[in-house]
Every structure is written in C-alpha cells, then in structure tokens.
Amino acid sequence: MGPGWPVRGRARASAAVLLALTACSPGPSLENRGAVTASPGDSHHLTVGSAGFTESDLLAQMYAQLLDQAGYRTSILTVANRELYEPALESGQIDVVPEYAATFADWLNAKTHGADARPVGSPDLGATMKALRELAAPRGLTVLPPGRAVDQNAFAVSAGYARAHGLRTLSDLGAAKLKVRLAAGDECVERPYCAPGLKKVYGIDITGVDPKGVGTTQAKLAVQDGRDQMVLTTTTDATLDRFGLVLLADDRHLQNADYVVPVVNRSRAGSARVVKALGKLNDVLTTEDLARLNQQVDVRRRLPADVARAYLKDKGLLK
C-alpha cells in the first residue's frame, strides 16, 4: 500500500514550493519530540492534503466539505509523496490528511527508528493504532479514530476461474492445490504479505510472479486472458468488473490493517469540532462505498468534488 500524492480543489501549489516552505518551517525537532505538549488547536482556515490518486482526492474532498459545513474555510493541497507532505503536516502547512493506519505507522516507525526497524503495522487494528498514535504524538500529530473503510492489499482471480474451482476465499484456493502464477510487482517475491505469505499462511502454490505491477491494466489483462491465475490489487479497486475479476477474501488476515484514518496537526486542527466533523464519515463510509466512488471517477470520469458531495448528501451528512 502506498498511495502517492496533481493540486485539485480550490488551492494549488507545486511540490517545489511546498518543499521550499517546509525547509523554512520545521515542525517539532527530532531532539525535542518528547517535549511536544501543544494543546489541541482550532484554526479558522484548514488545509486538507491529498496524495493525488483518485481515492485520496475523494477523501480529501469529503474531509474539506464536512469541515466547510462545520464552519471552517478549507483549501486542498496535493503533494507527491510522504517525504514532502508529512513534514508539512508537522509544520502546519497541511492540517489534515487521509492516511492508512498500518502503512503510515510503518512509515513513521522507519523515519523514527531507521529503515531496518521492525514493522509495527499488523492485521490487528488495535495494536496498529496504538503504535501509530505513539509514533505520531511526539511529532505534534493526532490520529483520529478509524472508520469502517479499509484499503489493503487484495488478490483477485477471474470470475470463471472462481466458479470452476469453487473459490471464495484464499483458503479455498490453498485447499484446491492449484498451481498459481501471480501478476504483481517484482517485490512480491520477497514481501511477507505477498508470495511468501500466500504460501505460508494459505498453502497456495505460487509457481512464479509475473512482474506487471500492482493492480495495473496489464496485470488484470493477464489474469483475464488466463496467462496468470491471480493478480495483486487492493480492496477498493474500482475496475475489477471491467476485467471479469473477483476478489478472494483474506479470511486468515494476512494483510495489515490499512483502515482509512484522518491525521491532523494537533495545534491547528486537534479540536473536538474537527474530530466531530470528520467522525461523521466513520459511521457510513465502507470499503465497498470507496470502491464505488473510485469507479465513478476512474470509469465514469466524474470530478472527485462532485462525487464526494453527492455521496455526503445521499448519506445525510451535507445539507
């Protein structure tokens, strides 16, 4: 998982400008992280960060629209990668970002303890959130409660293949003792959530990894055509139906708990009003909803702002 971050919305800025600003506006120093004690703040204008891919754009739009209704003025800023936007979040140039619990926990852990640090993200949401909050707090960041939506790695096969072999879960695939060629990124060969984990946790006979990337059109076509039997994608992939593919359930919880979580700059956006405004989304937004919203943008070519507004109105969250 690693969402990446064009600017959409009402405010535009280049990554180069952000980098220059970040260099001039450091957040809490690493030496004094433990001393960060700023009280929860409440700025009138809030900048919502987006990572520039469809799902992040949608989430940022929903956050901004909910905050607008709560009485804030908002703008949306898109940044290319975490190396840029996370320091900007610490410094207060960005106030709110949609993140993914396990991925962000592991990223902060590596930033804090080094690239070789043992991962802290896991399939256990409670343990993952605890680790994430402990890493975020000294940097002046507050991680709000996760909702129901999760965007994690997932594996899909063709609908015909699933029917022919009675497959609904990855356990079913392991029990079927089929030889499986997997379309994925080259790193799948060694990543524990990918080929090694499929073999260890599910007993799936992965005969090889076809390096076509994660959820790419080429990877899905290879499975659709029968050249490969399974593809690595994500739980909110909006285009599976177009290729006649279906997800197999991760019934033994191989994948990490990458639930969508808002992360805020505590001193600028840590107030109860922000928590309440963004928390409204937690009760309604599901993984299936996110996939459908992604599809409206990626397949039907609707604007993220319009899709977000229609969804929030439909759920009674916007007047």
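The values are calculated or read from the model by the stated rules, or taken from the named source; none is laboratory data. Everything quoted here is computed from the prediction, not taken from an experiment. Neighbour counts are summed over all protein chains in view; Cβ atoms, including those assigned to glycine, are modelled from backbone coordinates with ideal geometry. Side chains included, ligands, DNA and RNA excluded: accessible areas come from the protein's heavy atoms. Shrake-Rupley method; radii C 1.70, N 1.55, O 1.52, S 1.80 Å.
Counting DSSP beta bridges with both partners in region 124-266, what percentage is antiparallel, nearest 5? Given both bridge residues lie in region 124-266, the antiparallel proportion sits at roughly 55 percent.
Rounded to 0.05, the FRET efficiency of the H45 and A164 pair, given R0 = 41 Å and the Cβ-Cβ distance, is 0.15. Surface exposure of the chain, expressed per residue as accessible area with a 1.4 Å probe, stands at 44 Å².
Only alpha carbons enter this Debye calculation for region 129-199, each as an equal point scatterer, and the log10 of I(q)/I(0) it gives at q = 0.19, 0.20, 0.22 Å⁻¹ is -0.89, -0.93, -1.01.
Across region 200-251, Cα-Cα pairs farther apart than 19 Å form 26% of the total.
Per-residue 3J(HN,Hα) values for region 157-164, derived from phi via the Karplus relation 6.51 cos²θ - 1.76 cosθ + 1.60 with θ = phi - 60°, read 10, 6, 4, x, 5, 4, 5, 4 Hz in sequence order (x marks Gly and Pro). Give the accessible area for T142 in Å² (nearest 10); use a 1.4 Å probe, count only protein heavy atoms, and leave out ligands, DNA and RNA. Approximately 40 Å² for this residue.
Here's how it looks for V261: its modeled amide H is under 5 Å from those of E99, Y100, A101, which are all 5 or more places away or on a different chain. Name the residue from L248, T236, L66 whose Cα lies farthest towards the positive end of the charge dipole of the chain, charges +1 on Cβ of Lys and Arg and -1 on Cβ of Asp and Glu. The Cα lying farthest towards the positive end belongs to L66. Taking every DSSP beta bridge that has both ends in the chain, the antiparallel portion is near 50%. For region 189-319, the Kirkwood hydrodynamic radius from C-alpha pairs, put into Stokes-Einstein at 25 °C and a viscosity of 0.890 mPa s, yields a diffusion coefficient of 139 µm² per second. In plain terms, the chain from A176 to D205 could stretch by 9.5 nm, reckoned as 0.36 nm per residue minus the Cα-Cα distance. The calculated FRET efficiency for D68 paired with V275, based on their beta-carbon distance and R0 = 22 Å, is about 0.85.
Take peptides 289-298, 48-57 and line them up by average Cβ neighbours within 10 Å, highest first, as a rough protection proxy. Before the final figure, lay out the partial values.
Working: 289-298: 20.0, 48-57: 24.1.
Those peptides, ordered most packed to least, come out 48-57, 289-298.
Between the amide H of L77 and those of V48, G49, S50, distances stay under 5 Å, these residues lying 5 or more places away or on another chain, with hydrogens modeled in the peptide plane.
Of the residues N153, C194, G52, the one whose Cα sits farthest towards the positive end of the charge dipole of the chain is G52 (charges of +1 on Lys and Arg Cβ, -1 on Asp and Glu Cβ, taken about the Cα centre).
Of the accessible area of the chain, with the probe set at 1.4 angstrom, what percent is carbon plus sulfur? Heavy-atom surface of the chain belonging to carbon and sulfur, 1.4 Å probe: 51 percent.
Restricting attention to the chain, the count of lysine pairs at 8 or more positions apart or across chains with alpha carbons under 22 Å apart stands at 18.
Averaged over every viewing direction, what's the projected area of the C-alpha convex hull for the chain? Give it in nm², one decimal, please.
16.1 nm²
Judged by the mean number of other Cβ atoms found within 10 Å, the most tightly packed of the peptides 86-93, 170-177 leads the ranking 86-93, 170-177.
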